[in-house]
Amino acid sequence: MASTPRVFSGIQPSGELHIGNYLGAVKNWVRLQDGYECIFSIVDLHAITQAYDPSELAQRTRDMAVGLLAAGIDPARSILFVQSHVAEHTELGWILTTVTPLGELERQTAFKEKAQRLESVPAGLLNYPVLQAADVLLYLATLVPVGEDQVQHLELMREIARRWNHRFGAGFFPEPQPQLTTAKRVLGLDGQAKMSKSLGNTIGLLESPEAIWEKLRPAATDPARKTRKDPGNPDICNIFTIHQGFSPPPIQAEVAVKCRTAAWGCLDCKRVLADHMIAELTPIRERAVDLVAKPATVRAALRAGAERARAIARTTMAEVRRRMGFLGAAGD
Ligand code: ATP
Ligand code: MG
């Protein structure tokens, strides 16, 4: 068992890092580094479950590393690595499929949503949560900072851990818990679906102040505010969710009052939000520009991260193999 609580979380290199990822997960990752041993992974083996261009995967993976480092992931304190660089993820992933109930996989909302858009559904999409369970359990991590869309996968992960433990090793795998933020579900700019890399409804974390404003200005708000004089309900407004991620609490309180009383129009509210977003994102964008100019630094951070991750993963796998009775695992 891990002696100190360990944090694990991952992000797919399936597109541009966006403010939904940041507010729902990455901003929390940065904060957790102060109190926990943290392991963060760019989960490329997950990204290949969706249609993708092989000629772009490496660059997307590099870009994601730049974004995470710029956002404040500190490779001196945390482990940051690329999932496919640590082969134990696929090994444990396969092993865990043997204790995962098929019915549970078929019930996952993310699977059903992604599968319904496809004519032919790859088994990898179905098994996605099993690989995710392997990602976390490999490091015996207990805390998983994620957005709300991952809560169901975490429930299944605990079920998988319990089933494996029951069969092979009482208490070996801890049961990981999700950790959510206030902006746990940021909607896309059209206010319809969740903001997603794969849906093209995002504001990128590294966009310029002008681009941020251009996207924010026409973004959907509470539909009850048809005219400037109609009061709104911040609790159901996506712009208010984003305020909760970027604006200080007194501003959030002011925004809520001015929305409910129609003292501000939506555009006034968005302008205040844009100012706070730009203030927080400008230093991140500047650090990213710096890192892009230093590819060797990024490469070295990922290489060192993979080595540290592998060392932990190997120890876990040796024990998993021994408890499962594989030849050679107990020195026989
Ligand atoms: P994809 O569309 O390829 O699934 P994504 O934008 O959903 O991409 P992921 O890599 O699947 O991003 O998720 C990375 C992290 O960001 C996860 O913890 C996820 O819960 C969180 N997250 C993703 N989208 C949002 C969102 N709209 N609001 C809050 N958190 C989010
Ligand atoms: Mg996703």
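When Trp213 is tested against the conditions (1) touching a residue at least 40 places away in the same chain (Cβ under 8 Å); (2) more than 16 Å from ligand 2 (Cβ to nearest atom); (3) open to solvent by less than 40 Å² (accessible area, probe 1.4 Å), the lone failure is (3). If the condition is being near ligand 1 (Cβ under 9 Å from one of its atoms) and open to solvent by 50 Å² or more (accessible area, probe 1.4 Å), then the stretch 144-177 contributes Glu148, Asp149.
Scanning the stretch 224-250 for residues that are in contact (Cβ under 8 Å) with a residue 12 or more places away in the chain and open to solvent by 40 Å² or more (accessible area, probe 1.4 Å), we see that the one that is farthest from Ala25 (Cα to Cα) is Lys229.
Summed over the stretch 5-31, residues that are open to solvent by 10 Å² or more (accessible area, probe 1.4 Å) and either more than 9 Å from ligand 1 (Cβ to nearest atom) or over 12 Å from the mean Cα position of the chain (by Cα) (or both) total 7. Taken together, the residues in the stretch 39-54 that are more than 14 Å from ligand 2 (Cβ to nearest atom), over 14 Å from Ala309 (Cβ atoms) and not in a loop (DSSP other than H, G, I, E, B) amount to 1. Cβ separations smaller than 9 Å between residues 6+ apart or across chains give the following pairs from the stretch 178-206 residues that are within 6 Å of ligand 1 (Cβ to nearest atom) to residues that are β-branched (Val, Ile, Thr) and assigned to a loop (DSSP other than H, G, I, E, B): Lys184/Val146; Lys194/Val186; Met195/Val186; Met195/Thr202; Met195/Ile203; Ser196/Thr202.
This table checks each residue for (1) part of a helix (DSSP H, G or I); (2) away from ligand 2 (no atom under 16 Å from the Cβ); (3) among the basic types (Lys, Arg).
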| position | (1), (2), (3) |
| --- | --- |
| Val7 | no, yes, no |
| Gly10 | no, no, no |
| Val30 | yes, yes, no |
| Asp34 | no, yes, no |
| Ala70 | yes, yes, no |
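For the stretch 109-116, the criterion of a residue being touching an Asp or Glu at 6+ places or on another chain (Cβ under 9 Å), within 12 Å of ligand 1 (Cβ to nearest atom), in contact (Cβ under 8 Å) with a residue 24 or more places away in the chain and under 27 Å from Arg285 (Cα atoms) is satisfied by no position. Within the stretch 127-143, the set of residues being within 14 Å of ligand 1 (Cβ to nearest atom) and closer than 20 Å to Arg31 by Cα comprises Val136, Ala141, Leu143.
Go through the stretch 101-118 and give me each residue that's closer than 20 Å to Ala47 by Cβ, charged (D, E, K, R) and open to solvent by 90 Å² or more (accessible area, probe 1.4 Å). Scanning the stretch 101-118 gives Lys112, Glu113, Arg117. Filtered by the rule that a residue be among the acidic types (Asp, Glu), within 30 Å of Met64 (Cβ to Cβ) and either surrounded by 18 or more Cβ atoms within 10 Å (Cβ to Cβ) or without any contact (Cβ under 8 Å) to a residue 12 or more places away in the chain (or both), the stretch 259-285 gives a lone residue, Asp275.
The values are calculated or read from the model by the stated rules, or taken from the named source; none is laboratory data. Keep in mind that what you see is a predicted model, and the values were worked out from it rather than measured. Cβ atoms come from the backbone with ideal geometry, glycine included; neighbour counts cover every protein chain shown. Protein only, heavy atoms only, side chains kept; ligands, DNA and RNA dropped before computing areas. Shrake-Rupley method; radii C 1.70, N 1.55, O 1.52, S 1.80 Å.
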